[in-house]
Amino acid sequence: MTKIHHCTCRINLSGQNCHIVNYDQFNTVTWPEVQVLMALHGDENVMDVVPVMIDETSPSAEKERLANRYGNRIVEQCFPGRAFRMQLMMTDDDQLPRVEDVQAQVTDAEVAALAAQPATFSTGRNRKPHEAGKEA
């Protein structure tokens, strides 16, 4: 088992800042997964990549997980062959918290309390006065 970084990042799906997916500290992606996302969406559309946690896995298990999630074609493009080279750490920093420690900080009661709160919605854009009169 080798160490692997879990990262936060933002992904611009359309390339026009219309659809941005945020991966935060509670929903992370691994460093090899970031490389697959860069191959799928383009290097310039995967932004603000920061390692936040560390875990342990084997390269073959990570490749299998990625192939199940994103498909074998793109994973083989990034990590070809049986003797593939996969960089599991973004940096040499191994003083990050472990995944199990971070997950243990959030209790089931806290998750239930957040889920019980009412949803809040924004009202949308404000109409200009001349647009409001056209409906009447």
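The values are calculated or read from the model by the stated rules, or taken from the named source; none is laboratory data. Just so it is clear, the model here is predicted, and its values are computed rather than measured. All Cβ positions, even for glycine, are placed from backbone atoms using ideal geometry, and neighbour counts span all protein chains on display. Areas reflect the complete protein model, heavy atoms only, side chains present, ligands, DNA and RNA absent. Shrake-Rupley method; radii C 1.70, N 1.55, O 1.52, S 1.80 Å.
If you add up the charges near Thr8, with Lys and Arg at +1 and Asp and Glu at -1, over every other residue whose beta carbon is less than 10 angstrom from its beta carbon, what do you get? Spell out each step's value before the answer.
Numbers: positive: Arg10; negative: Asp24, Asp48.
Local charge sum for Thr8: -1.
At a probe radius of 1.4 angstrom, the accessible area of the stretch 18-77 per residue rounds to 54 square angstrom.
Using bins of 10 Å that start at zero, the share of Cα-Cα pairs per bin across the stretch 1-108 amounts to 14, 44, 34, 8, 0, in whole %. Rolling a 1.4 Å probe over the protein heavy atoms of the stretch 1-70, with every protein chain left in place, gives an accessible area that is 48 percent carbon and sulfur.
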